[in-house]
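Visitor: Before I ask anything, here is the structure I am working with.
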Amino acid sequence: MKTGLVLEGGGMRGLFTAGVMDVMMEAGVKFDGLIGVSAGATFGCNYKSRQPGRVLRYNLRFIGEPRYMSWRSFLKTGDLVGAEFSYHTLPTELDIFDGGTFERNPMAFHVVCTDAETGQPVYKQLERVDYDCLEWIRASASMPIVSRPVCLEGRRLLDGGIVDSIPLRHFQQLGYERNIVVLTQPKGFTKKRTRLMPLFHLFMRRYPAIIQAMGRRHEMYNAQLDYLQREEQAGRILLIYPEQTLPIGRTEQNADKIRRVYQMGRLAAEQKLHDIQAFLAGPAV
């Protein structure tokens, strides 16, 4: 029986996920595989490199740094989150990402992207840390309008959350039978159609498949929530989610809010740690 960890995105709401992950890492909780989308990928890779605390540390250190995340970066480069600084300089020079441990850890690590030209999901397993690996992680988190598509393997890629926000079905199809799913929205949340469609029509007209996907993203997401509920009732997954709407924006720069949301994630995991351990050790369903 293969165990999996499924991490949705949500920009800086992912600090909740970071708190959950750190508690599980500190408790020695291991998985056969992890799949992350957007912030779930950029933060989730630290589970494979076994670096608890790193996500909180570098986010607190670099908030306010224009090269990390700023409108200045967007106006200069077309990327709100600085591509070279955030995905290459930071992990290789400033807060070192442990590529050696990442490669030795047998846990499989997958990311989800969206093909900007077809509007289809693209799934990629990353096994070693090199320039392309970091670019795949960047692609998974490249939000449309405020990011340029990332060109990899002949595709133009954007945020995986556009077409597969919670990739549980994909992981189950890969043979992961018992999964823990970490959400960044509270129970009972329902996604509404984005009010930014006029901006997508204006700025993403080169990619009509992305415009179409964003127009129905709320339907996809809510259908995934329904599926999660059925799988939870069947005992095949364990859900971890915040008890309330997280008091943080997607591009938050407030240190107190970052710490608060991270601590909310830690508390949620601490309260469920026994359930997590029992669930992963339980019999196959």
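Matching residues to (1) under 13 Å from MET214 (Cβ atoms); (2) of a type in the set (Asp, Glu); (3) touching a residue at least 60 places away in the same chain (Cβ under 8 Å):
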position: VAL122; (1), (2), (3): no, no, no
position: MET143; (1), (2), (3): yes, no, yes
position: ARG156; (1), (2), (3): no, no, no
position: ASP159; (1), (2), (3): yes, yes, yes
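Visitor: So for the stretch 184-192 (the condition being at pLDDT 95 or above and part of a helix (DSSP H, G or I)), does at least one residue qualify?
Guide: No, that holds for no residue.
Visitor: Among the residues of the stretch 194-250, which ones are part of a loop (DSSP other than H, G, I, E, B), touching a residue at least 24 places away in the same chain (Cβ under 8 Å) and within 30 Å of ILE63 (Cα to Cα)?
Guide: THR194, LEU196, MET204, TYR241, PRO242, GLU243, GLN244, THR245, LEU246, ILE248, GLY249, ARG250
Residue-wise test of (1) on the phi > 0 side of the Ramachandran plot; (2) in contact with a helix residue (DSSP H, G or I) (Cβ under 9 Å, 6 or more places away or on another chain); (3) open to solvent by less than 10 Å² (accessible area, probe 1.4 Å); (4) free of Cβ contacts under 8 Å to residues at least 40 places away in the same chain.
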position: MET25; (1), (2), (3), (4): no, yes, no, yes
position: LYS30; (1), (2), (3), (4): no, yes, no, no
position: VAL37; (1), (2), (3), (4): no, yes, yes, no
position: VAL55; (1), (2), (3), (4): no, yes, yes, no
position: TYR68; (1), (2), (3), (4): no, yes, no, yes
position: TRP71; (1), (2), (3), (4): no, no, no, yes
position: ASP79; (1), (2), (3), (4): no, yes, yes, no
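Visitor: Could you check the stretch 81-125 and list, in sequence order, the residues that are over 23 Å from LEU157 (Cα atoms), in a helix (DSSP H, G or I) and in contact with a helix residue (DSSP H, G or I) (Cβ under 7 Å, 6 or more places away or on another chain)?
Guide: Result: PHE102, single match.
Visitor: Checking the conditions here, which among ARG50, ARG13, ARG67 is of a type in the set (Lys, Arg) and either in a helix (DSSP H, G or I) or under 16 Å from the mean Cα position of the chain (by Cα) (or both)?
Guide: Step by step, each of ARG50, ARG13, ARG67 is checked, and only ARG13 is of a type in the set (Lys, Arg) and either in a helix (DSSP H, G or I) or under 16 Å from the mean Cα position of the chain (by Cα) (or both).
Visitor: Here's something else I'd like to know. Filter the stretch 81-112 down to residues that are closer than 19 Å to LYS30 by Cβ and open to solvent by less than 10 Å² (accessible area, probe 1.4 Å), then give me how many there are.
Guide: Total satisfying the criteria: 3.
Visitor: Across the stretch 242-285, which residue is farthest from PHE74 (Cα to Cα) among those that are over 20 Å from the mean Cα position of the chain (by Cα) and of a type in the set (Asp, Glu)?
Guide: Looking at the filtered set, the residue picked out is ASP275.
Visitor: Hey, any hits in the stretch 134-143 for a residue that's among the aliphatic types (A, V, I, L, M), open to solvent by 10 Å² or more (accessible area, probe 1.4 Å) and part of a loop (DSSP other than H, G, I, E, B)?
Guide: Yes, that holds for at least one residue.
Visitor: Just to verify a result, which residue in the stretch 177-190, among those that are touching a residue at least 12 places away in the same chain (Cβ under 8 Å) and farther than 21 Å from ALA41 by Cα, is least open to solvent (accessible area, probe 1.4 Å)?
Guide: Across the stretch 177-190, the extreme among qualifying residues is PHE189.
Visitor: May I ask you to verify whether ALA234 is within 17 Å of LEU5 (Cβ to Cβ), modelled with pLDDT of 95 or more and open to solvent by 30 Å² or more (accessible area, probe 1.4 Å)?
Guide: In short, no.
Visitor: All but one of (1) more than 20 Å from GLN120 (Cα to Cα); (2) of a type outside the set (Phe, Trp, Tyr); (3) in contact with a helix residue (DSSP H, G or I) (Cβ under 9 Å, 6 or more places away or on another chain) hold for GLN233; state the number of the condition that does not hold.
Guide: (3)
The values are calculated or read from the model by the stated rules, or taken from the named source; none is laboratory data. The shown structure was predicted, so the numbers you read here are calculated from the model rather than taken from an experiment. Glycine also receives a Cβ, built like all others from the backbone with ideal geometry; neighbour counts cover every protein chain displayed. Only protein heavy atoms, including side chains, enter the accessible area calculation; ligands, DNA and RNA are left aside. Shrake-Rupley method; radii C 1.70, N 1.55, O 1.52, S 1.80 Å.
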